[in-house]
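Here is the structure we will look at, set down as structure tokens.
The values are calculated or read from the model by the stated rules, or taken from the named source; none is laboratory data. Here the structure is a predicted model, which is why all the values come from computation and not from measurement. No Cβ is skipped: glycine too gets one built from the backbone with ideal geometry, and neighbour counts run over all protein chains shown. Areas reflect the complete protein model, heavy atoms only, side chains present, ligands, DNA and RNA absent. Shrake-Rupley method; radii C 1.70, N 1.55, O 1.52, S 1.80 Å.
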Amino acid sequence: MDGCSRMSSGPSSIVHRPSSMNYFNYFTEIEDTFVRRRGKHLHLSPMDWALIESWKETSIPLHVALRAIERSFDSWEAKPRKRTVKTLLYCQEEVEAQYAEWLESRVGAGASEDERAEKPVEESSLPFARSAILDHLRRARAKLVETCEQRRTAGEDDFSESLARAASLVAQLETDFADLTRPDAQKLEDSLTGIERMLSDVLRLTVSSDELEALRGGIKKQLRPYRSHMDPAVYDQTFENLLLKRLREQFGVPRLSLFYL
């Protein structure tokens, strides 16, 4: 696997993240995702770290755990409460549910070629052919690696590290999706959305304040003729979508969603 698809540490990590995927990556990737979705830095408690260790010892794949955390926060934000999420234990039930479904989807994955031939993979529920989805993942991963390499020519920074993390996660999803006997496009989409969200967050921090203000000014000018006819919430979302589109184009970050297949 290319060096730019290796995971490396982000600014919020407690444990240094080595240059290759190993024991510590599992902990720090989960920590980074939890802290990012929570919205403010919060060190994980000893109980949280013990919980992560139990997930790893149970062999819950990293991308499954990350998807479950993303979905847990999506559910929380859909029905906001007065109290904030303070512990990773809030995500435990969703992690267990996602892992159980992942295991079920892999029934028969270890069978011989003859056995698999007798039980053809059910793909009728997929929006696209499995081969087309895998091609999309390969292209996205290749573009992430390319952008990472270009960025690293100017030196290592948080953006290049995030690109490497994203490429590594997409590679895991690609391998997993190829092996599944009952592939689930929605679960794949959820995982890809989480990676895109992570990249969007780091893009906002990568661009300078002057560049960001210039981009915002250009978008405001573009939307000015339509603003009076738009619901405020729709305007804000359209503005944000355009801003991220400009940032992705500027920094060479591909869209991962299957919508762009």
Original post:
Residue check, D48 against (1) within 18 Å of D190 (Cβ to Cβ); (2) crowded, with 17+ Cβ neighbours inside 10 Å, all met but one. Which one?
Top reply: (1)
**OP:** Could you tell me which residue of the range 136-156 is farthest from R67 (Cα to Cα), considering only residues that are open to solvent by less than 60 Å² (accessible area, probe 1.4 Å) and either outside any helix (DSSP H, G or I) or among the β-branched types (V, I, T) (or both)?
**Re:** G155
Subject >> Filter result (open to solvent by less than 10 Å² (accessible area, probe 1.4 Å), within 13 Å of H63 (Cβ to Cβ) and over 13 Å from the mean Cα position of the chain (by Cα)) within the range 157-207 >> reply: F177
Original post:
Looking at R224, is it open to solvent by less than 80 Å² (accessible area, probe 1.4 Å), in a helix (DSSP H, G or I) and on the phi < 0 side of the Ramachandran plot?
Top reply: no
**OP:** Taking only the range 30-50 into account, find how many residues are among the basic types (K, R), outside any loop (DSSP other than H, G, I, E, B) and farther than 13 Å from M198 by Cβ.
**Re:** 1
Subject >> Qualifying residues in the range 101-131 (those that are small (G, A, S) and surrounded by 12 or more Cβ atoms within 10 Å (Cβ to Cβ)) - the one modelled with the highest pLDDT >> reply: S105
**OP:** Within the range 232-240, identify whether any single residue is free of Cβ contacts under 8 Å to residues at least 60 places away in the same chain, more than 27 Å from R138 (Cα to Cα), in a helix (DSSP H, G or I) and open to solvent by less than 30 Å² (accessible area, probe 1.4 Å), and answer yes or no.
**Re:** yes
